[in-house]
Amino acid sequence: MTSKTDLTKTDKKWYKASTSPEIIHFDKACYLAIDGKGDPSGAEYANDLRALYAVAYALKFKHKEQQQDFVVAKLEGQWSFDEKKYGYPQMDAAPLLIPRSEWIYRSLIRLPEFVSAKSVREAVSQVLAKKDIPAAEKVHFFELPESYFVQILHLGAFEKEPDTLKKLKAFMDEKEFVKNGLHHEIYLSDFRKTAPEKLKTILREPVC
């Protein structure tokens, strides 16, 4: 019986955070990604996630046939907005000031190192040919560069994230860290099945 790669076990550090802010370093990571814009509770975001997971499972089954089975990793996301249009509000204020329809997202599923960009392209073609999921055309291979991050574990509903981001911002100011990339979230809980008050989300900011 072949072993199954599970990144939550082989890279536990990636999926772990404290409820107090901390600084941490990570090497580059490879992802399946889809980019979009709009309210995360809207239909387009849901369609994009459907496409992302369809390609992820096509990849999984293809590699399982090659004796390289893996667990589809937890959903992650990068979030931003048009800074030319909205300026540079503090990170804890941005979720409250920027209309949700204007949020720019990159939804992500981390990949084992043995999954290549070529394999991703082949899986996308397979999904487009076999399933009625046109958004799969937007799914692509993505590399998150090596970086230092500040991070914190947020407990509870997404709407309460600004309270936790205040703690992260205060920590960054104290240590004189400068934001160096896109806001990053790791969804330890499946928000489609988990009560809002029980959600666990790692909030991560690349810094220099």
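Which of the residues belonging to segment 87-118 are of a type in the set (Phe, Trp, Tyr) and modelled with pLDDT under 95? Step through it out loud before you land on a result.
First, the residues of segment 87-118 that are of a type in the set (Phe, Trp, Tyr): 88, 103, 105, 114.
If the condition is that a residue be of a type in the set (Phe, Trp, Tyr) and modelled with pLDDT under 95, then 88 is the only one that fits.
If residue 31 meets every condition in (1) among the hydroxyl-bearing types (Ser, Thr, Tyr); (2) part of a helix (DSSP H, G or I); (3) within 15 Å of the chain's Cα centre (by Cα) apart from one, which number is that one?
The single condition residue 31 does not satisfy is (2).
Specify which of the listed residues (127, 72) is over 14 Å from residue 29 (Cβ atoms) and assigned to a loop (DSSP other than H, G, I, E, B).
Values: 127 fails: assigned to a loop (DSSP other than H, G, I, E, B).
Residue meeting the stated conditions: 72.
Of all the residues that make up segment 107-124, how many are farther than 27 Å from residue 39 by Cα, outside any helix (DSSP H, G or I) and among the hydrophobic types (A, V, I, L, M, F, W, C)?
Selection size over segment 107-124: 2.
The values are calculated or read from the model by the stated rules, or taken from the named source; none is laboratory data. The shown structure was predicted, so the numbers you read here are calculated from the model rather than taken from an experiment. Cβ atoms come from the backbone with ideal geometry, glycine included; neighbour counts cover every protein chain shown.
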